Structure formats: C-alpha cells, structure tokens
Amino acid sequence: MSHTVTLLPGDGIGPEVANAMRLCVDATGVKINWEVQEVGEKSIAKNGKPLTDEVLESIRRNKTAIKGPITTPVGKGFRSVNVQLRQSLDLFACVRPCLYYEGTKTPIKNVNLMIFRENTEDLYAGIEFDLGTGECDRLRDLINEMSPKKIKQDSAISIKPISRSGSKRIVKFAFDWAVKAGRKKVTAVHKANIMKFTDGLFLKCAQEVAKEYEGKIEFSDNIVDNMCMQLIQSTFLYDCLVLPNLYGDIVSDLCAGLVGGLGIAPGANYGDEIALFEPVHGSAPKYAGKNKVNPTATILSAVWMLRHLKEEAAADRLDKAVRTVLKEGKDVTYDLKADRNDPTAVGTMQMAEAICKKL
Ligand code: NAD
C-alpha cells in the first residue's frame, strides 16, 4: 500500500535533515508519495507569507505530514509557523519520546520517558498586547480596575488561557497512550501553587481524568521547578509526563539533554485525525547548507510516522538501523563523537546512507 505524505523541508538545516530522512524512509521499501510544500523563508519570498492555505489544505487532505524546523524571528516579525500549524490543524497533543540509544553522549543511561505537551493554549496562544498600543492600555486599565494587584503602566501583556476541555483532552491522550504502550505511570506537571486558577485547573482536570484509570495507570503530580531537579536526580521515578504548553516546551528540551541532545530527539503532533511529525530541534541557521548536522532526530520522527501509518515492521527496521549506527559510533555526525572536532565525523547525508545500509 502507498501513502501520500506532506513534506515541509523548512528553513536552515531543515532541507538537509528532510532529505536525509526521505532517503532512509524510501530505503525501507514503504511507498510514500511525498507532496513537498514550501513554508518559512522560501514561502515568504514566493508568497509574501510563511504559511499558505495551500500548505494547510495539503496536510488536511493527506492527514499525515513531516517537517523540518522553521525559523521564527525573536521578539518581532511573523508569529511562529509551528504554532500556527499546531493551532490551525488543532494538533493538540505534542508527543516527545526521550529514549536512550547506546552510543549517544548522555549524562545517564537507559532513560525511557514520554512527554505529552498540550499544544494549542497557555502562553503560546499568541494573545499578546504590545507596550504603547491602545489595546494594551485598555486591557491594563480594565485589569487594574478589577484586580487588587496592579499592572505597571510600562508593561506589555501576554495572556495565559488554560481551558478545562484543552486540559482534559491532553491528559486523556497521555493516559490512553500509556495504557496502549503498557506504561505504568503518568505525572502531571504544573505550577498550581502560584497560578492557582490556570495551572490549578490543569491539575484538577488531570486528577479527574486520572480517576478513570485508577488501578490501571498510577498518577502523580509535580511542580515544574521541582520536576526539573527530579528529572536529573531521580529520573527513573518517572515514566510519562503531561504538561501545559510552555512547561512542555522547556521540560522536553531538558529531557532531550538526558538522551544525548537535540540532534537525536524526535517529536510528533497529533490531532483527532491529523498527525505532523518533526524533530524537537530548530533550524540552527549557522549550520545551514554545510551537510554537518545530525539527521537522527528527523529520521526517528519518521520512525514514529511509519508507526502512525501502520508500517510497524518498517518502523522497527529503521529504528534498529539507527540504533546500530549510533552504537557503532563510526559513521556519525560531529555532535555524536567524543571530540566535536573529530575529523572522522561524517556529514548529514553520509550518516543517512550508513543507516540505509543497515536496513
Ligand atoms: P536550534 O535547535 O536551531 O539550535 C541550537 C543548537 O543546537 C545549534 O546551534 C546546534 O548546536 C544544536 N543542534 C540543533 N539541531 C541539531 C542537529 N540536528 N544536529 C546537531 N546539533 C544540533 O535552536 P535555536 O538556535 O534556539 O533556534 C534557531 C531557529 O529555529 C529559531 O528561529 C527558532 O525559532 C527555530 N526553532 C524552530 C523549531 C521548529 O521548527 N519546530 C523548534 C525550535 C526552534
């Protein structure tokens, strides 16, 4: 059976890691018709905007997509295309597996964590009011009228919406995944001691959902700052973590560090019908076009994509081939060598070719 998949190569190192991924997926023998679409800088040059309706329609039609990273300007310019994609397609669940692969440079071995990050609300909702605008002044005055705590005149404001429905569906998603994958425990991560209403609601929803799984999946909760410390000191007490959007973003990078860095951390975004796979890392512009960076994160994202397409055997073979190349440590990129200046490090495409040879 063949599958049609939307491929968004993205910016910076995106096209290189996307090509490497495509080589490996095609080498598994699974027939994929790649519908390549431009987003980010190339789309701005051609269409005047980083994300077009045509791209969204392609993903809606094919229901499965994989992407490289997309550059987002800091503090100015257009809003993140990644966030737009997740919100427009209602990809509410961001799943980031943090699994140990032998041969990677890790502070501890055998980490096996699943991160479930809510993807559509929280401080990522994109509801912001800039200092010096009439809207910001009006909102500040309204809040100052209603709240005993006052916002300073020279403030910008970002809104943190957390809904009951959004919280329940991500926690339920995490529990359902845990049941299917034979996992034991879900931990909800929050800051409900300080943000009593938003994070408090998230925690309350998590506790309600957890009741439905009593006897099947263990439940605990943890405050996000303590969680970061615990993940380093007591990693193996944890199994699946479920978090609101912003903490999920930060904690998943921390966990990527536990399994060898951004170069090998894959990710997936799921909605009710659509799934979009992508590495956790960004577009690393300084390495763009150098055939230097590690393609593993994108190739492992494709392993999850193959599982989603019910191509389990191909997914297992590709995962095993990646494992073998990482374990041998020979045909790997600079970041996986003990010395980052090791002249025996291979390029992005050469590492992908080495993986193909192990299939
Ligand atoms: P980044 O992940 O692009 O790079 C940070 C550093 O991590 C790099 O300098 C490099 O040392 C290392 N790194 C990243 N990917 C690697 C790989 N495949 N192999 C080896 N090393 C790798 O993060 P940044 O510099 O903060 O962000 C750059 C741009 O990417 C920004 O515009 C940001 O908004 C964007 N971004 C996009 C996504 C996405 O598309 N999902 C995610 C994060 C950041």
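The values are calculated or read from the model by the stated rules, or taken from the named source; none is laboratory data. All of these numbers come straight from a predicted model, not from anything done at the bench. Note: ideal-geometry Cβ built from the backbone for every residue, glycine included; neighbour counts use all protein chains shown. Ligands, DNA and RNA are stripped out before the accessible areas are found, and what is left, the full protein with its side chains, is counted by its heavy atoms. Shrake-Rupley method; radii C 1.70, N 1.55, O 1.52, S 1.80 Å.
Quick look at the numbers
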| read-out | value |
| --- | --- |
| Cα shape, the stretch 122-161, gyration tensor, a/c 1.5 rule | oblate |
| Value of relative contact order over the stretch 122-161, rounded to a whole percent, pairs C-alpha under 8 Å and six or more apart | 62 |
| Structure-based [θ]222 nm, the chain - -39500 (n - 2.57) summed over DSSP H runs of at least 4, per residue, nearest 500 | -13000 deg cm²/dmol |
| 0 to 90° range, to nearest 10: angle between helix 296-308 axis and the chain longest Cα axis | 80 |
| Free-standing Cys residues across the chain, given no other cysteine C-beta under 4.7 angstrom | CYS24, CYS94, CYS136, CYS205, CYS228, CYS240, CYS356 |
| Farthest positive-ward along the stretch 122-161 dipole, Cα basis, beta-carbon charges - from ILE159, ASN144, GLY132 | ASN144 |
| Mean accessible surface per residue for the stretch 122-161, computed with a 1.4 Å probe while every protein chain stays in place, in Å² | 72 |
| Bridge type composition, the chain - antiparallel percent by DSSP, nearest 5 | 40 |
| TYR334 - accessible surface, heavy atoms, 1.4 Å probe, Å² rounded to 10 | 30 |
| Environment charge at ARG340 (Cβ cut-off 13 Å; Lys +1, Arg +1, Asp -1, Glu -1) | 0 |
| Helix 164-180 vs. the chain, principal-axis angle (Cα, 0 to 90°, nearest 10) | 30 |
| Within the stretch 255-359, GluC sites (Glu not before Pro) in DSSP loop having at most 12 other beta-carbon neighbours inside 10 Å | GLU273 |
| Amide H contacts under 5 Å for VAL293, placed H, 5+ residues apart | THR348 |
| The stretch 167-316 - accessible surface per residue (Å², probe 1.4 Å) | 41 |
| Sum of side-chain charges, ALA18 neighbourhood, beta-carbon under 14 Å (Lys, Arg +1; Asp, Glu -1) | -3 |
| Inter-label distance, nm, simple model (7 Å from Cα along the C-beta direction), MET195/PHE236 | 3.3 |
| Residues ASP26 and LYS327, FRET efficiency given R0 of 30 Å [Cβ-Cβ distance, rounded to 0.05] | 0.80 |
| Inter-label distance for GLU128 and LYS320, nm, one decimal - labels placed 7 Å from Cα along Cα-to-Cβ | 4.7 |
| Reachable lysines, given that their alpha-carbon falls under 24 Å from the alpha-carbon of LYS216 and they are not under 8 places away in the same chain | LYS168, LYS172, LYS180, LYS184, LYS185, LYS204 |
| Trypsin sites (Lys or Arg not before Pro) within the stretch 220-313, DSSP loop, no more than 12 other Cβ atoms inside 10 Å | LYS290, LYS310 |
| Rounded percent of accessible protein surface that carbon and sulfur make up, the chain, 1.4 Å probe | 53 |
| From the C-alpha gyration tensor of the stretch 59-116, square roots of 5λ in Å | 29, 17, 11 |
| Principal-axis tilt of helix 198-212 within the chain, Cα atoms, nearest 10 degrees | 60 |
| If the convex hull is drawn through the Cα atoms of the stretch 133-243, its volume per residue in Å³ | 133 |
| Relative contact order, percent, the chain [alpha-carbon distance under 8 Å, six or more residues apart] | 24 |
| Calculated P(r) of the chain - Cα pairs past 38 Å, % | 18 |
| Highest-fluctuation residue, ASN110, ASN269, ASN226 considered, GNM on the chain with Cα pairs under 10 Å | ASN226 |
| Per DSSP, loop GluC sites (Glu not before Pro) in the stretch 200-244 with at most 14 further Cβ within 10 Å | GLU214 |
